[in-house]
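Values in this text are rule-based calculations from the coordinates and carry no lab data. Computed from a prediction, not measured in an experiment: that's the story for all the values here. Ideal geometry is used to build each Cβ from the backbone, glycine not excepted, and the neighbour counts take in all protein chains shown.
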Amino acid sequence: MKRKITVTFVFCLAAIFVAVFSMLGCQSAPVSETAETAVSETTAEETIPAEADETTQAEEKVTLRYTSLRTEDVDAINRINAEFTKAYPNIEIKFEPIKNTEYDAALKTSLETKTGADIVMLRSFDGGRQIYDSGYLLELNDLIPNMSSDFTPNSLRAWSTDDGKIYGLPYFGSIDAVWYNKAIFAEYNLSEPETWDEFLSICQTLKDNGETVFAHGTKDTWVLTETLYCDLGPNFYGGEESRLSLINKEIKFTDQRFIDAFDKLAELIPYFPKGYEGIDYVTMQQMFLNEQAAMWIGGSWELGMIAESGIDAGWFAPPVENKGDTTHYAFYADLALGINKDTQYKDACVKYLQWVATAEHASLLANELPGMYPPLTVEYKIDNELAQKIIDITRMDNVKVTGQLMWEKLSSQEPSGNSLLDEVSQKFFNKKMTSNEAVEYVQKGLDTWYFK
Amino acid sequence: MNLSKIEKNSFKKFRWYILWFLLPALIIYTVFMILPLFNSMRMSFYTGPGIVPKEFIGFGNYIKLFTQFPFNIRLSNALLNNIKLFIMVMFFQNLIGFFFAILITRKIKGTKFFRTLFFIPTALSVIVVGFIFSLILNPVWGIFDRLLEFIGFGAYITPWLGNPKTALVAIALVVAWHNIGIPVVFFTAAIDGISEDVLEAARIDGVSLSGEVRHIIFPLLKPTIGIVSILTFVGNFSEFEIVYSMTGISGSPEFATDIFGSLFYRTTFGTTMNVVSDVGLGAAIATIMFMIILIGVLFFLRIFKREV
């Protein structure tokens, strides 16, 4: 009796363990409920035209699954995709976004288990590169021939290999410069500055009149790198040229130009609000939107929010040192679209991406998501006047487009250039570090792996 | 003979069916606690991209953490901050909690109300508490600075969460405010458990309040103090949420609030889209956290050995 119970006990224990482990094993396969149901749908569709060959398949109704990390865009993207289906009636796009923070893990698992969507969204540089290097993506050079001519070079660099293989179609990007409150500017007869000195005198006038000059703080470190150093800094460190030289190891970060950029930006510190060390991004946003501050050094992605708030905002490009200098304007792509190598509907996917690469789609997207710009060199129309102005600056003479200084290659390992720059920027703008110490610290970090 | 048979049955024979009752707990604990723990330790010996690092590098992650710039600075900084946080929370939460417990166990009117009151913050979610306090301390529209100005301390205003000297103290105070209900409940329960005879005898002998606390309540509360210390220690060295909601995961300002939890999270999952995540290195940090907590708990158990 005793033995019998023990044997049954051990047997049951083993059985439960096996069951639990197989459950854990399976768990990695279906990424989310939507993915699971979608898989069964596609397999169901697939069984019907199993005998039909490719040409007849084109006449069949095809549903492409398109995954993204922007859950906030569901309605906008669905409206855009409806336009596509109007032009190509037998292709439907099913938009299946996944929460931003869970996207990468979910995407990798779904591609690994061959349950991935047909069209996938890719993060810029290393994020997307990991997906390509794992062999999940199609190369797009031949499939979308107009890509290399119609897109800005710095956006293509974010999704291509050193030998020029492109695996992602730049989807949209952001532009950084300065927002200002037109009403406050009008009150003191101020106009958009061109040079750095004009910019500083505006700041002084506003300060003298008791206005809060900038909605700016240093509590969130990313703000300092992304929308301060890489926004107003490029005019002083030499923009795209210096960025590429740094990546090619021709110059180091201790170069005088990078120090100068820090020193120039330090001239803005007296105009930051009181207690700026404790102001985070959300507070900055609210200060500007509640008209508590005259200017906000920030990104175009806030256009939607600004339009909604109803304040009369303007936008000017980063001021240059001397009149007539080239303006270095930060316009960089954040996200791209790629095609899953294992897709059963390659032709339909290519058709969709070809359509995304047109000015027609660019207009649709820029209208649906104000402040987000497909990085096309070709002109496209946007209904919102301010949105049009922001993008028009990129096509002006004497304006050169640049990207985020540390994103390309310099951030593929820890300590990444981006996190180092975040770190020193906070210390620098909190006046705990000199510009020399700042660049040396970043260089010391990069020396451990990039400049080896 | 009959008696010995009963004895044999009930004492010598192991009752195997008892195992069945252990089974559910054993399975749940193994699957959700022990296996992930060992798997995480195993992962700390691997490196590579993605959620599951595949390349074996032995102690490479540990060597990197202890010797290589800037990982070594970050690790020692996180350890130091965790120790500071622990000491501050021990003081603000447990010491003050102890005195509150003594006060509300006095036989004064209204103590029942206070017993409930102290536990209310503990019932709030950590994220909510962190968010509310970061609004209260906000330099632009925070009510705390207004209050200071109102009572004439305007000169002492500083960006509380942006100044490296005050940020961790602010966080420790918030942690203490949030969790003070726990030591208060533990201590009041223990004080209530002290035999009334003992206290009465002491009072007849003319003991003062301080003498009562020092010579009767404190010694009898030692086991509870041990448990509360251990709970605070484990809680603080695995703290993450409050820092996450008040100053973010980048240890802002200037890594003054970077503790093991945020260091682990940042290393494992990355902060923004352009900080590389390294699950292997993160697992190594988690293992170090585990070791520190293990050693700490053993240390406290030793101190309170006789009592616990």
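Okay, here's what the table says:
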read-out: Of A:K341/B:K54; A:K219/A:K252; A:K252/A:K400; A:K264/A:K400; A:K341/B:K64, those spanning more than 26 Å from alpha-carbon to alpha-carbon; value: A:K219/A:K252; A:K341/B:K64
read-out: Qualifying aspartates and glutamates (Cα of each under 19 Å from Cα of A:K452; at least 8 residues distant if same chain); value: A:E250, A:D255, A:E408, A:E414, A:E440
read-out: Theoretical gain in end-to-end length, A:A183 to A:E437 [0.36 nm per residue, Cα-Cα removed]; value: 87.4 nm
read-out: Alpha-carbon centroids, the stretch A:254-273 and the stretch A:283-310: separation in whole Å; value: 23
read-out: The protein assembly as shown - mean residue ellipticity at 222 nm from DSSP helices (-39,500 (n - 2.57) per run, n ≥ 4, rounded to 500); value: -15500 deg cm²/dmol
read-out: Sites matching GluC sites (Glu not before Pro) across the stretch A:282-348 that sit in DSSP coil, with at most 14 neighbouring C-beta atoms within 10 Å; value: A:E321
read-out: Dipole of the stretch B:72-303, positive end: most advanced residue of B:F186, B:I217, B:A284 [Cβ charges, Cα centre]; value: B:I217
read-out: Simple spin-label estimate for B:L95 and B:F150 in nanometres, 7 Å along Cα-Cβ; value: 3.0
read-out: Cα lying deepest toward the dipole's positive end in chain A, options A:I279, A:A313, A:I391, charges on Cβ; value: A:I279
read-out: Simple label model, 7 Å out from Cα along Cβ direction - A:E267 to B:L199, nm; value: 7.1
read-out: Descending semi-axes in Å of the protein assembly as shown, equivalent ellipsoid built from Cα gyration tensor; value: 52, 40, 24
read-out: Rough spin-label spacing in nm, given labels placed 7 Å along Cα→Cβ, for A:D162 and A:D325; value: 3.3
read-out: Added length on full extension, which subtracts the Cα-Cα distance from 0.36 nm per residue, B:I51 to B:F14; value: 8.8 nm
read-out: Prolate/oblate/rounded label for the stretch A:138-296 (Cα gyration tensor, a/c 1.5); value: prolate
read-out: B:I303-A:E112 FRET efficiency (beta carbon distance; Förster radius 45 Å; 0.05 resolution); value: 0.35
read-out: Positive minus negative residues near B:P164 (Lys, Arg vs Asp, Glu; Cβ under 13 Å); value: +2
read-out: Ranked list, fewest to most other Cβ atoms within 10 Å of each Cβ, for B:S252, A:S309, B:S76; value: B:S76, A:S309, B:S252
read-out: Sites matching trypsin sites (Lys or Arg not before Pro) across the stretch B:34-104 that sit in DSSP coil, with at most 15 neighbouring C-beta atoms within 10 Å; value: B:K54
read-out: Links that overshoot a 20 Å alpha carbon limit, given the list A:K165/A:K249; A:K99/A:K165; A:K94/A:K351; A:K114/A:K165; value: A:K165/A:K249; A:K99/A:K165; A:K114/A:K165
read-out: Spatial separation of Cα centroids for the stretch A:339-411 and the stretch B:225-266, in angstrom; value: 41
read-out: Pairs of lysines in the stretch B:72-303 (C-alpha under 25 Å apart; 8 or more residues apart or interchain); value: 4
